[in-house]
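Worksheet: one structure, shown below.
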Amino acid sequence: ISDVTEQEKVEQERREFVSNVSHELRTPLTTMRSYIEALTEGAWEDKEIAPKFLSVTQNETERMIRMVNDLLQLSRMDDKDYSLQKEKTEFITFFHHVIDRFDMNVSENITLQRELPNGQFYVWMDKDKMTQVLDNIISNAIKYSPEGGTIRFNVVKQNNQMLASIEDQGMGIAYEKLNKIFERFYRADKARTRKFGGTGLGLAIAKEMVEAHHGKIWAKSKEGKGTTILFTLPLMNKKRRGKK
Ligand code: ADP
């Protein structure tokens with residue numbers, strides 16, 4: 001009996017997922033259709049309006065491409081044969097490289113503050129995939145940061161694990177929504193995320209990838225004060241010197 005209910009649950013989830021995908025793709029498509037209709041019905045002649053309408057359709061197209069890419073990524077991960085290209089990696093050096101890429105592009109009003117130790121933290125990981133995890137978390141932190149906000153990056157050792165955190169000073173997430181943000185398509189605030197062009201898939205991908213590395217990911221937040229995303233990764237079982 002438990003097998004049947006398990007199967008029903010999977011089937012139910014599949015149906016929900018298909019319905020979510022359809023809905024998520026229909027929204028940008030109908031938006032694009034109405035703007036294209038307006039353009040073909042004459043708006044194309046208006047030198048002020050036409051570029052605006054075209055830019056809306058361009059943004060929506062880009063959002064759809066991001067969403068389809070994220071969906072493909074998730075479906076690849078669901079595949080049993082999905083394999084990670086893991087290699088021995090020093091996480092602190094790696095983390096610095098990832099933050100460097102944002103340092104060059106982030107607006108001057110946001111401070112990226114590294115509170116990373118000098119010690120060496122060796123983990124067995126797929127660099128591309130963990131780059132994607134950090135990209136998703138950091139771009140959210142930037143997206144939701146207020147003007148003049150600081151984003152703090154931290155890594156500490158905890159037993160045989162490393163614990164990384166990315167803390168922002170954005171508007172935060174309500175307590176009851178904290179676990180849901182890792183679900184596919186979940187958005188704490190639909191209107192706002194749409195403005196930012198989010199897909200609602202970034203943290204779902206991050207969660208799957210961290211778990212594929214035998215780590216855990218979760219969020220802490222104080223509404224109005226900020227959000228911290230934390231994740232662990234197992235440290236490689238190897239004799240090494242401590243931080244001091
Ligand atoms: P999205 O593409 O919508 O950002 P994510 O899966 O990355 O999708 O995030 C899911 C939702 O979690 C977001 O829509 C947002 O509501 C919330 N969220 C994620 N990161 C933060 C953050 N740093 N501060 C506030 N809300 C966040």
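The numbers here are math on the coordinates, done by the rules we state, and not lab data. In this text, all values refer to a predicted model and were calculated from it rather than measured experimentally. Cβ sites come from the backbone with ideal geometry, for glycine too, and all protein chains shown count toward neighbours.
Contact order for the chain, expressed relative to its length and based on alpha carbon pairs under 8 Å spaced 6+ residues apart, stands at 18 percent.
For Thr150, nonlocal amide neighbours, meaning residues 5 or more places apart or on other chains whose placed amide H falls under 5 Å from its own, are Thr111, Gln169.
Label sites at Phe185 and His23, each approximated as a point 7 angstrom past Cα along Cα to Cβ, lie 0.6 nm apart. Taking 0.890 mPa s as the viscosity and 25 °C as the temperature, the Stokes-Einstein diffusion coefficient of the range 1-47 based on its alpha-carbon Kirkwood radius rounds to 181 µm²/s.
Thr93 versus Trp44, label points 7 Å from Cα toward the beta carbon: distance in nm? My value for the distance between the label points is 5.6 nm.
For the range 1-90, relative contact order (Cα pairs under 8 Å, six or more residues apart, normalised by length) works out to 24 percent.
Using the eigenvalues of the Cα gyration tensor, what equivalent ellipsoid semi-axes result for the chain when each is taken as the square root of five times the eigenvalue, whole Å, largest first?
Working: eigenvalues 249, 125, 56 Å².
So the equivalent ellipsoid measures 35, 25, 17 Å along its semi-axes.
Relative contact order, whole percent, for the range 91-190 stands at 26, derived from Cα pairs under 8 Å and 6 or more residues apart. Karplus-based coupling profile of the range 124-138, in residue order and whole Hz: 9, 8, 8, 4, 4, 5, 6, 5, 5, 4, 5, 4, 5, 5, 5, with θ = phi - 60° in 6.51 cos²θ - 1.76 cosθ + 1.60 and x standing for Gly or Pro. Rounded to the nearest 5, the antiparallel percentage of DSSP beta bridges internal to the chain is 85%. When DSSP beta bridges are limited to those with both residues in the range 109-187, what percentage is antiparallel, rounded to the nearest 5? The antiparallel proportion sits near 60 percent.
P(r) tail for the range 37-78: Cα pairs beyond 16 Å make up 51% of the total.
Across the range 123-176, counting alpha-carbon atoms alone, Rg and Dmax equal 13.2, 38 Å. The fraction of all Cα pairs in the range 1-145 landing in successive 5 Å bins from 0 to the largest distance is 2, 7, 10, 12, 12, 13, 13, 12, 9, 6, 3, 1, 0, 0, given as whole percents. Here's the list of aspartates and glutamates a cross-link from Lys47 could span, going by alpha-carbon distance under 17 Å and ignoring same-chain residues fewer than 8 apart: Glu37. Annotation: peptides 120-130, 72-82, ranked by per-residue average of other Cβ atoms within 10 Å with the highest first, follow the order 120-130, 72-82. Only DSSP H runs of four or more residues enter the estimate; each adds -39500 (n - 2.57), and after division by the residues of the chain the mean residue ellipticity at 222 nm equals -16500 deg cm²/dmol. Once the range 78-180 is represented by equal point scatterers at the alpha-carbon sites, with solvent omitted, what log10 I(q)/I(0) does the Debye formula produce at q = 0.16, 0.17, 0.22, 0.23 Å⁻¹? The calculated log intensity ratios at q = 0.16, 0.17, 0.22, 0.23 Å⁻¹ are -0.81, -0.90, -1.24, -1.28. For the range 218-226, putting each phi into the Karplus relation 6.51 cos²θ - 1.76 cosθ + 1.60 with θ = phi - 60° gives couplings of 7, 10, 10, 7, 10, 4, x, 10, x Hz, in residue order, rounded to whole numbers and with x for Gly and Pro. Remark: the range 50-64, residue by residue, has Karplus-estimated 3J(HN,Hα) of 3, x, 5, 5, 5, 5, 4, 5, 5, 4, 5, 4, 5, 5, 5 Hz, where x stands for each Gly or Pro and the curve is 6.51 cos²θ - 1.76 cosθ + 1.60 at θ = phi - 60°.
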